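Below is one structure, written out as structure tokens, with a few remarks after it.
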Amino acid sequence: MLAAAALLTAIVTTDQAALRASARDSAPPQSQLWQGEVLEVRGERLDYLQVWDHAHERGGYVKATQVKRLALAPAEAPELLAVLRFMREAPGAESLGIAIAAAWLQAAPAESVRGPEGSEVLDVLGTFAERLAQRATTGAASKQGQAALTAHLDVAGRYGVKFASYEQQGRMRVCYDGEAFRRVLALPASQPQQKAHAALALTKPECLDPALQPLQRHEVNLWRAQVLEHVDAAALPAWLQNKLALRRASVFATLAYEQARIDGGGEGQAQRAIVELARVQRGELLEEDAAAYNDAAMRVNASRWAAVARPSDAPLTARASIATERGQPGETCVLLVDAKHDAANPLARRCTYALVWTQSASLNREGNALALAVQPIDGWRELWVFRQQRGKWAIDVLPPASLQPELGYAEFAGWVPGGQQLLLAREARGEGKYRRSFEVVSLDSLVAQKQGGDANSLGQFQRWADPSWRKMSVAVR
């Protein structure tokens, strides 16, 4: 005869717990249960609990040592919170952690849910969900591990935790939708560190939907900036201030590019991006944030010309200058003109759908070469080089690297007197590679004659680097 169960709910604590037809170890298992699954307890027999699985509409017996029995009463809330704090740093137990967090939210008094403890539990719940998404993105090495991962995602879904999948560079990335973190930001009782954690999780660049149209993406980036502004940076430790500043710098640099595309503006956003990057305290930067620092610097540098006002039209002179005119819809045509060659008869002409930063144009002293920054996409800026060869002008494009465009810049750093060499700074990340270099480039072949990882290691950079480049660029940092 079954004894009445005092505690009516049980959470499975181990993977592959057997649900058996009777309360005996020799009884054949009907199915497997996974950590985090919730069961209704209907009785006890020997060392087994008789349970009902509402998710799959099935009943049976499960070993009492493989579940945690709960009454979901307020008295249990402190114990559940202690368990959550311990599990927060336990990789692999995310679905169980989500179940314990859900149990706490059900058991705790309403005032606790709205208070600091509620913020803490939501923060931990979001952490579990985010870590489970990362596990799903990475994948499992074995069949058994893959089965467990699939089951854990299924269990998390039963608690209302939602994930989205995006294809990026031929691989699927799984992202948590961030509902728990949104609640952390909305709760007045949330601590600054919890809000910072939530804001950073909600604004991950890798979890932006790649299928968004440009204006939709711009709206999302405006929202990301608002989310980051919710956090009081002054109340954070230095290492967390750095993380926040890096994310803000990246988001505002992206907004500068997008705003420039929309209406030619973006000055305020570009200046804000530069300020945020400057706030990073290098001595307090975590090793794990080194790549993020370089990425933020490249993104800020790629759109930094938005912070500089565009030049007004000026009378043509004997020295070559840049003019632009509209081409096909969305296209900008760049013209090289002088007093004898106006827009109707330019020295050279090239059209592009990229952003043309006309304020970056620089003509060398000899008047036989001109450099111009052109940005095809967010975070990727190229250098157009106009060269006069045998009486004719040619236009060449120097990319940040010979990689699939992802993140980087190639920028003019100065002219070497004599009209034969250009100083060039490049930095790029793509296809799993990162590279930063400073180059002395031949204007005749556009091949690097000298290069190094430090600008100060090259004599030409020490003597001839453009002062405005040294002042504005973040290539030297």
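When L423 is tested against the conditions (1) in contact with a Gly (Cβ under 7 Å, 6 or more places away or on another chain); (2) in a strand (DSSP E or B); (3) modelled with pLDDT under 95, the lone failure is (3).
Which of the following residues is surrounded by fewer than 22 Cβ atoms within 10 Å (Cβ to Cβ), touching a residue at least 24 places away in the same chain (Cβ under 8 Å) and within 24 Å of R381 (Cβ to Cβ): R247, R279? Don't jump to the end; show me each part of the working.
Numbers: R247 fails: surrounded by fewer than 22 Cβ atoms within 10 Å (Cβ to Cβ).
Within the list R247, R279, the selection yields R279.
Mind checking whether some residue in the stretch 124-143 is without any contact (Cβ under 8 Å) to a residue 12 or more places away in the chain and in contact with a strand residue (DSSP E or B) (Cβ under 7 Å, 6 or more places away or on another chain)? Checked against the condition, which is being without any contact (Cβ under 8 Å) to a residue 12 or more places away in the chain and in contact with a strand residue (DSSP E or B) (Cβ under 7 Å, 6 or more places away or on another chain), the stretch 124-143 yields no hits at all.
When the residues of the stretch 380-400 are filtered to those that are part of a loop (DSSP other than H, G, I, E, B) and touching a strand residue (DSSP E or B) at 6+ places or on another chain (Cβ under 8 Å), the one that is surrounded by the fewest Cβ atoms within 10 Å (Cβ to Cβ) is P399. For the stretch 350-364, a tally of residues being in a strand (DSSP E or B) and either farther than 24 Å from G265 by Cβ or not assigned by the TED database to the domain that holds P405 (or both) returns 2. Within the stretch 37-74, the set of residues being assigned to a loop (DSSP other than H, G, I, E, B), over 11 Å from A23 (Cα atoms) and touching a strand residue (DSSP E or B) at 6+ places or on another chain (Cβ under 9 Å) comprises E37, H54, A55, H56, A71, L72.
Residues to consider are V308, V334, V300; find the one that is of a type in the set (A, V, I, L, M) and open to solvent by 40 Å² or more (accessible area, probe 1.4 Å). Outline the logic, then answer.
Details: V334 fails: open to solvent by 40 Å² or more (accessible area, probe 1.4 Å); V300 fails: open to solvent by 40 Å² or more (accessible area, probe 1.4 Å).
V308 is the lone residue from the list that is of a type in the set (A, V, I, L, M) and open to solvent by 40 Å² or more (accessible area, probe 1.4 Å).
Every residue, every condition in (1) touching an Asp or Glu at 6+ places or on another chain (Cβ under 7 Å); (2) open to solvent by 50 Å² or more (accessible area, probe 1.4 Å), yes or no:
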| residue | (1), (2) |
| --- | --- |
| A107 | yes, no |
| P116 | no, yes |
| T127 | no, no |
| E130 | no, no |
| D154 | no, yes |
| Q169 | no, yes |
| L185 | no, no |
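The numbered conditions (1) open to solvent by 10 Å² or more (accessible area, probe 1.4 Å); (2) within 24 Å of G266 (Cα to Cα); (3) not hydroxyl-bearing (S, T, Y) are all true for L403 except (2). Candidates G367, G408, G418: the one that is on the phi > 0 side of the Ramachandran plot, in a strand (DSSP E or B) and not hydroxyl-bearing (S, T, Y) is G408.
If you go through the stretch 218-237 one residue at a time, do you hit one that is at positive phi, assigned to a loop (DSSP other than H, G, I, E, B) and not assigned by the TED database to the domain that holds Q404?
In the first step, residues of the stretch 218-237 are kept if they are at positive phi; the result is none.
Among the residues of the stretch 218-237, not one is at positive phi, assigned to a loop (DSSP other than H, G, I, E, B) and not assigned by the TED database to the domain that holds Q404, which makes the answer no.
The one condition from (1) over 19 Å from Y409 (Cβ atoms); (2) open to solvent by less than 40 Å² (accessible area, probe 1.4 Å); (3) small (G, A, S) that A211 does not meet is (2).
Restricting attention to the stretch 406-443 and to residues that are free of Cβ contacts under 8 Å to residues at least 40 places away in the same chain and open to solvent by 20 Å² or more (accessible area, probe 1.4 Å), the residue that is farthest from M298 (Cα to Cα) turns out to be Q420.
When you check R173 against the structure, is it over 22 Å from L228 (Cα atoms), of a type in the set (K, R) and either open to solvent by 60 Å² or more (accessible area, probe 1.4 Å) or assigned to a strand (DSSP E or B) (or both), yes or no? Full working, then the answer.
On the way: over 22 Å from L228 (Cα atoms): yes; of a type in the set (K, R): yes; either open to solvent by 60 Å² or more (accessible area, probe 1.4 Å) or assigned to a strand (DSSP E or B) (or both): yes.
In short, yes.
The values are calculated or read from the model by the stated rules, or taken from the named source; none is laboratory data. No experiment lies behind these values; they were computed from the predicted model shown. All Cβ positions, glycine included, derive from the backbone under ideal geometry; neighbour counts span all protein chains shown. For accessibility, only protein heavy atoms count, side chains too; no ligands or nucleic acids. Shrake-Rupley method; radii C 1.70, N 1.55, O 1.52, S 1.80 Å.
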